[in-house]
Amino acid sequence: MADLLKLGVLISGNGSNLQSIIDHIEKGSLKAIIKIVISNNPDANGTIRAKKHGIPVVILKHTDFKNKEDFDLELIKILKSNHVDLVILAGFMRILTPAFLKAFSHKIMNIHPALLPSFPGIHGQKQAVEYGVKISGCTVHFVDEGVDTGPIIIQSAVQVLDDDTEETLAARILKKEHMIYPQAIQLFADGKIEIKGRKVRIKAQE
Ligand code: GAR
């Protein structure tokens with residue numbers, strides 16, 4: 001059997017995407033192993049979720065570091081020492097430095113709660129409700145030097161209802177997030193993702 005894809009998951013909060021990845025791994029629909037979960041927030045609920053499943057957790061408070069470069073160097077050290085193949089940002093609310101991007105070039109995925117390139121940055125769901133779009137959704141993409149600008153792997157659409165609030169829309173989008181993130185990771189594990197410039201092509205079944 002081929003080696004399992006080794007994941008390092010970075011979180012800052014609730015960790016429901018982390019939970020979905022754990023659940024897919026445990027039921028066998030995602031062939032990967034989470035080597036380490038790193039949180040910059042000591043109170044993140046996601047750390048409890050990880051521990052419940054016996055996954056090693058490191059708390060790395062960014063406020064303990066002189067600057068973001070030093071913080072990222074420590075992140076790189078931990079991920080490399082765990083032989084991580086793919087870095088998963090799952091509600092990780094920090095912008096990564098060029099050194100981090102270089103260390104894991106084309107090996108960092110993020111999930112964003114909007115149909116990029118619409119509504120990047122924070123509060124993607126609130127931006128969608130306030131703008132009045134009829135369709136929003138979520139996007140899994142590779143991370144590049146911009147904010148939510150990297151090559152798109154999978155998107156899933158959600159209808160925006162007239163009476164939606166940020167919270168109701170976020171809840172429906174989150175359900176889709178929990179479906180497409182494990183799918184994108186499995187495509188990577190299967191070697192089916194080809195990046196050409198800013199486009200991702202999913203290779204057909206061999
Ligand atoms: C998710 O909705 C994710 O798309 C969003 O944070 C939430 C984390 O939820 N990420 C961003 O907004 C990144 N710009 P979770 O902690 O329950 O997975």
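The values are calculated or read from the model by the stated rules, or taken from the named source; none is laboratory data. What you see is a predicted model; the values in this text were computed from it and never measured. Cβ: placed from backbone, ideal geometry, glycine included. Neighbour counts: every protein chain shown. Note: accessible area is taken over every heavy atom of the protein model, side chains too, but ligands, DNA and RNA are not part of it. Shrake-Rupley method; radii C 1.70, N 1.55, O 1.52, S 1.80 Å.
Overview of results
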| read-out | value |
| --- | --- |
| Single match in 107, 134 (criterion: closer than 20 Å to residue 18 by Cα, away from the ligand (no atom under 14 Å from the Cβ), surrounded by fewer than 20 Cβ atoms within 10 Å (Cβ to Cβ) and of a type outside the set (Ser, Thr, Tyr)) | 107 |
| Any chance residue 92 is open to solvent by less than 50 Å² (accessible area, probe 1.4 Å) and not aliphatic (A, V, I, L, M) | yes |
| Residues of the stretch 44-70 that turn out to be in contact with a Ser or Thr (Cβ under 8 Å, 6 or more places away or on another chain) and under 22 Å from residue 14 (Cβ atoms), as a count | 7 |
| Flag for residue 34 being touching a strand residue (DSSP E or B) at 6+ places or on another chain (Cβ under 7 Å), surrounded by fewer than 19 Cβ atoms within 10 Å (Cβ to Cβ) and aliphatic (A, V, I, L, M) | no |
| Which listed residue, of 113, 120, is under 18 Å from the mean Cα position of the chain (by Cα), surrounded by 22 or more Cβ atoms within 10 Å (Cβ to Cβ), closer than 24 Å to residue 165 by Cβ and within 14 Å of the ligand (Cβ to nearest atom) | 113 |
| Residue satisfying all of: in the stretch 68-87; open to solvent by less than 20 Å² (accessible area, probe 1.4 Å) and in contact (Cβ under 8 Å) with a residue 40 or more places away in the chain; farthest from residue 32 (Cα to Cα) among these | 75 |
| Residue count for the stretch 6-25, restricted to those that are open to solvent by 20 Å² or more (accessible area, probe 1.4 Å) and within 23 Å of residue 191 (Cβ to Cβ) | 3 |
| Strands (runs of 3 or more DSSP E) (entirely within the stretch 109-203) containing at least 1 residues that are free of Cβ contacts under 8 Å to residues at least 40 places away in the same chain and closer than 19 Å to residue 15 by Cα | 135-142 |
| Residue selected from the stretch 165-188 under the condition surrounded by fewer than 18 Cβ atoms within 10 Å (Cβ to Cβ) and of a type in the set (A, V, I, L, M, F, W, C), by the criterion farthest from residue 91 (Cα to Cα) | 187 |
| Residue within the stretch 56-67 that is of a type in the set (Val, Ile, Thr) and free of Cβ contacts under 8 Å to residues at least 12 places away in the same chain present | yes |
| Residue 149 being among the hydroxyl-bearing types (Ser, Thr, Tyr), closer than 27 Å to residue 5 by Cβ and near the ligand (Cβ under 9 Å from one of its atoms) | no |
| Condition check for residue 128: touching a Ser or Thr at 6+ places or on another chain (Cβ under 6 Å), within 16 Å of the ligand (Cβ to nearest atom) and of a type outside the set (Ser, Thr, Tyr) | yes |
| The stretch 1-55: number of residues that are hydrophobic (A, V, I, L, M, F, W, C), within 16 Å of the ligand (Cβ to nearest atom) and under 22 Å from residue 96 (Cβ atoms) | 12 |
